[in-house]
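Undergrad: Can you keep this structure in mind? I'll have questions shortly.
The values are calculated or read from the model by the stated rules, or taken from the named source; none is laboratory data. Remember, predicted model here, so these are calculated numbers, not experimental data. All Cβ positions, glycine included, derive from the backbone under ideal geometry; neighbour counts span all protein chains shown. SASA here: full protein model, heavy atoms, side chains in, ligands and nucleic acids out. Shrake-Rupley method; radii C 1.70, N 1.55, O 1.52, S 1.80 Å.
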Amino acid sequence: QVQLVESGGGLVQAGGSLRVSCAVSGHAFSFYVMGWFRQAPGKEREFVAAIRWIGDNTYYADSVKGRFTISRDNSKNTVYLQMNNLKAEDTAVYYCAASSGGLQYNPRNIASWGQGTLVTVSS
């Protein structure tokens, strides 16, 4: 089991930038694939980005490709999501996720979640 704690959400104007962080702890978390999902009001939770603790592979939803960057700091056991050129439609609660079953795009297949951090983009 892993524990995930997000931080860094807030209010930003359209076109601005924000970085959210996810501190990870627990058993054998280095074997997990880490991801970010988001859930906007009235919508289903959706995949945003993912990264492994080893290697350089990253994965993005088409809607954020070129604007968002997922990264990790292995020394701090932390995963980041840098969000640039934010749009009003990026407004959502952003959740950190850990998958022991490989890369997962479907949130129903994720067992470990953080508490979420709200990102609000004003237009």
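Undergrad: Before we move on, is ARG19 within 16 Å of GLY8 (Cβ to Cβ) and of a type in the set (D, E, K, R)?
TA: yes
Undergrad: Tally the residues that are among the hydrophobic types (A, V, I, L, M, F, W, C) and under 10 Å from ARG45 (Cβ atoms), restricting the search to the stretch 88-123. Please lay out each step first, then the result.
TA: Start the filter on the stretch 88-123 by keeping residues that are among the hydrophobic types (A, V, I, L, M, F, W, C), which leaves 88, 92-93, 96-98, 103, 110-111, 113, 118-119, 121.
Next cut, under 10 Å from ARG45 (Cβ atoms) only: 92-93, 97, 110, 113.
Total satisfying the criteria: 5.
Undergrad: So, ALA28, is that one open to solvent by less than 50 Å² (accessible area, probe 1.4 Å) and modelled with pLDDT under 95 or not?
TA: When the stated conditions are applied, ALA28 passes them.
Undergrad: If CYS22 meets every condition in (1) in a loop (DSSP other than H, G, I, E, B); (2) closer than 15 Å to ALA98 by Cα; (3) not small (Gly, Ala, Ser) apart from one, which number is that one?
TA: (1)
Undergrad: Right, next: Please verify whether VAL24 is of a type in the set (A, V, I, L, M, F, W, C) and free of Cβ contacts under 8 Å to residues at least 60 places away in the same chain, treating the condition exactly as stated. Step through it out loud before you land on a result.
TA: Details: of a type in the set (A, V, I, L, M, F, W, C): yes; free of Cβ contacts under 8 Å to residues at least 60 places away in the same chain: no.
Answer is no for this residue.
Undergrad: Okay, moving on. Scan the stretch 67-109 residue by residue and report those that are of a type in the set (Ser, Thr, Tyr) and touching a residue at least 12 places away in the same chain (Cβ under 8 Å).
TA: The answer is THR69, SER71, THR78, TYR80, THR91, TYR94, TYR95, SER99, SER100, TYR105.
Undergrad: Sort out which residues of the stretch 87-123 are more than 18 Å from SER71 (Cβ to Cβ) and small (Gly, Ala, Ser), and write them in order of number.
TA: ALA88, ALA92, SER100, GLY101, GLY102, ALA111, SER112, GLY116, SER122, SER123
Undergrad: Let me ask you something else. Can you tell me which residue in the stretch 9-25 is surrounded by the most Cβ atoms within 10 Å (Cβ to Cβ), limited to those that are over 11 Å from the mean Cα position of the chain (by Cα) and of a type in the set (Val, Ile, Thr)?
TA: This residue is VAL24.
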